[in-house]
Structure formats: structure tokens, C-alpha cells
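Notes to accompany the following structure.
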Amino acid sequence: MVWRALVRVRRTRSGWLASTGIRRLLMATYEYLCSRCGPFDVKLEIGTAPQVYECAVCAGAAKRVYSAPGLSLTPNAVAALHVREEQAREAPAVVSEVPPRRRVPHHPHPALSRLPRP
């Protein structure tokens with residue numbers, strides 16, 4: 001997911017007023033076919049995919065391929081993992097120190113208290 005700053009300028013009685021906001025851009029994966037290198041995918045903003053796109057390997061013209069959309073219901077946990085994985089690929093988190101070890105409290109099972117002790 002890509003975020004873009006959006007600046008709105010409007011005229012008021014006292015002059016021009018600029019207000020900023022954040023707009024989320026919806027990205028889609030488009031499929032292209034290069035005659036030399038084969039198929040490849042490109043992530044672009046929805047509705048901005050050209051019919052011909054430059055191949056990243058040979059810089060030749062690749063034509064857009066229309067295929068069935070990937071419409072599947074993904075569980076929320078799996079979708080969240082995919083989002084985290086994409087974010088880590090773009091900007092990995094840097095760890096500066098080892099996290100402190102958490103102590104797990106020892107709670108024996110209640111039935112064990114009734115057993116004879118040696």
C-alpha cells in the first residue's frame with residue numbers, strides 16, 4: 001500500500017488557504033508479457049496501467065496480458081502477515097539490542113499439590 005501527501009488549495013475571502021491530507025493509493029498487480037524474457041508483474045496505481053510497459057531485463061516493449069483477477073477470501077491473520085512481509089521487504093526493521101527475556105511464571109497444575117512428596 002502506498003500513501004501520498006495530498007495538498008488542497010482553495011480560495012477564501014482573506015486569500016488562499018492550503019490544507020494537507022493523506023490519501024491512500026490503491027495498488028494493483030498488472031501482468032505483462034515480454035517477447036524475449038517472458039511474463040512479469042508490475043504493481044501500479046489502479047487505473048494507470050499502460051498497454052505497453054518497458055521490460056526491466058531487456059528494456060524491450062512488453063504487452064499487457066489480461067488474466068483472471070485473484071479474487072480469493074484470505075483470512076485476516078494471513079493478510080496481516082502478507083502486509084508485514086511486504087513492509088519488511090521495502091523498509092526492514094532494524095534491531096539495536098536483544099530484547100529482554102520474559103520470565104514465565106511457574107504455576108504447577110493443581111492436581112500435583114495433592115500427590116505425596118518424597
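The values are calculated or read from the model by the stated rules, or taken from the named source; none is laboratory data. Predicted, not measured: the structure shown is a model, and the values here were computed from it. Virtual Cβ from ideal backbone geometry, glycine too; neighbours counted across all protein chains shown. These accessible areas exclude ligands, DNA and RNA; they are computed on the full protein's heavy atoms, side chains included. Shrake-Rupley method; radii C 1.70, N 1.55, O 1.52, S 1.80 Å.
Data for the structure
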quantity	calculated
Residue count, the range 79-114 (criterion: open to solvent by less than 100 Å² (accessible area, probe 1.4 Å) and farther than 27 Å from P50 by Cα)	14
Selection within the range 46-78 - among the small types (G, A, S), under 16 Å from A28 (Cα atoms) and surrounded by fewer than 11 Cβ atoms within 10 Å (Cβ to Cβ)	G47, S67, A68, G70, S72
